[in-house]
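So the structure is just underneath, and the comments pick up after that.
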Amino acid sequence: MEINSSAFSAGVSGVSKSLKGIERAAHDIASLNTRADGGELADVVGALVDLKKHELGVKASAMVIKTAGEMAATIIDIKI
């Protein structure tokens, strides 16, 4: 059952890390003062890319958690 526990922990850690990244990216976006001349366009694009990257990180980590739960269910079925 140790493998399942470590997979679950890795998934939870990944979700936590990605949520912090989303928070940082959202803060960066909210704190930008975009100018009409597009001077801060690169900052906006970078922050949006980070936001999407961390969104995908949450989704991937959630799948790890789901798989760990399925593994636990399979192990329980095998032992019964």
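The numbers here are math on the coordinates, done by the rules we state, and not lab data. All figures in this text were calculated on a predicted structure; none of them were measured in a lab. Cβ: placed from backbone, ideal geometry, glycine included. Neighbour counts: every protein chain shown.
Count Lys and Arg as plus one, Asp and Glu as minus one, and take only other residues whose Cβ is under 13 Å from that of residue 57; the net charge is then +3. Taking a Cβ cut-off of under 15 Å around residue 17, the surrounding Lys, Arg, Asp and Glu residues balance to a net charge of +1, with basic ones at +1 and acidic ones at -1.
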